[in-house]
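Rule-based calculations on the coordinates, nothing more; no lab input. Quick caveat, the model's predicted, so the values are computed rather than measured. Every residue, glycine among them, receives a Cβ derived from its backbone with ideal geometry; neighbour counts consider all protein chains shown.
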Amino acid sequence: MDNEKPAQDMTVLVIDDDEGECYLVEDILAEAGIKVDIAIGGEQAIRRLSERPYPVVITDLRMPDIDGMAVIDFIRKRCMRSLIVVITGYVTIDNVIDALRAGAYDYIIKPFSSELLLFTIRKAFDYIAMRDEQERLMYVDKLATLASATAHEVFQPLTVIIGEANAILKGSEEGSEQREMAGTILAEARKNRDIVRKLEGLSDYVTKTFPGGHTILDIDKGSSSG
């Protein structure tokens, strides 16, 4: 079973009413190979967020039109999965706590170093990759449980079919149409039984990840490893 792992979307939306601050963040992140979209103020940010999801959003807290807390609220109420990093120069502990409680992932205080910004954003993308992988494996586990339960229900009638086909083969004349049909049914039933046995062992799957993010689910190795 192949599972092509999509490349991670390394795009950040930067929101600030100060255009210079936006381009400063863009320059730092672009040098690290991170794509940046810019929104000058909260109103433009809401329009951009309505057009497409962003894995990471960097937002200032204080903006004259729509502030950072309203942007966080917009993202969370629409169940967007963006990780939100708050950047602010007007910080109090209450501001930070309010933003984190509202759903922000992390915060940075102005003025900040390029090293701190890069560390924070890379950490956010690492978290997203880990979260997505955990959800993918959880899906595979659920699929394995369902497959194993289904296999148990299918195996018994297949065993009966194989037994009946064998009985017909033994009791029919060589070269007869009845014998030929029984042989065909027996061969197909045995193929299906082999598939069912692999499904029963799917919970013991083994995953292999190759360069480029290509992952395979090795059912044969998983079912024989026990």
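Suppose R0 equals 30 Å; then what is the FRET efficiency for I97 and A30 from their Cβ-Cβ distance, rounded to the nearest 0.05? All intermediate terms of the calculation are to be shown ahead of the outcome.
On the way: r = 32 Å, r/R0 = 1.06.
Plugging the Cβ-Cβ distance into 1/(1 + (r/R0)^6) gives 0.40.
Determine, for each peptide in 173-184, 98-109, the mean count of other beta carbons within 10 angstrom over its residues, then list the peptides with the highest first. List each step's numbers first, then the result.
Numbers: 173-184: 11.7, 98-109: 17.0.
Peptide ranking by packing, descending: 98-109, 173-184.
In whole Hz, what ³J(HN,Hα) sequence does the range 18-33 give by Karplus (6.51, -1.76, 1.60; θ = phi - 60°), x for Gly and Pro?
Using θ = phi - 60°, the values come out as 8, 4, x, 5, 4, 6, 4, 5, 4, 4, 5, 6, 4, 5, 8, x Hz.
Could you sort the peptides 69-75, 21-27 by per-residue average Cβ neighbour count (10 Å cutoff), highest mean leading? Let's see the in-between values first.
On the way: 69-75: 20.6, 21-27: 17.6.
Highest-to-lowest ranking by the protection proxy: 69-75, 21-27.
So for each of 42-51, 55-64 I average, over its residues, the number of other beta carbons within 10 Å; can you give me the resulting order with the highest mean first? Working shown, then result.
Numbers: 42-51: 16.3, 55-64: 21.9.
Taking the mean over residues of other Cβ atoms within 10 Å, the ranking is 55-64, 42-51.
If you take the beta carbon distance between D73 and R52 as r and set R0 to 22 Å, what does 1/(1 + (r/R0)^6) give as a FRET efficiency, to the nearest 0.05? Kindly include the intermediate steps, with their values, before the conclusion.
Working: r = 19 Å, r/R0 = 0.86.
Here the calculated transfer efficiency is 0.70.
Out of residues 5 or more away from Y107 or on other chains, whose amide H comes under 5 Å of its own, with H placed 1.01 Å from N in the peptide plane?
Those lying under 5 Å, H to H, from Y107 are V86.
If R₀ is 35 angstrom, what is the calculated FRET efficiency for the pair R81 and R190, using the beta carbon separation as r and rounding to 0.05? Present the calculation step by step, with values, prior to reporting the outcome.
Values: r = 46 Å, r/R0 = 1.31.
It comes out at approximately 0.15.
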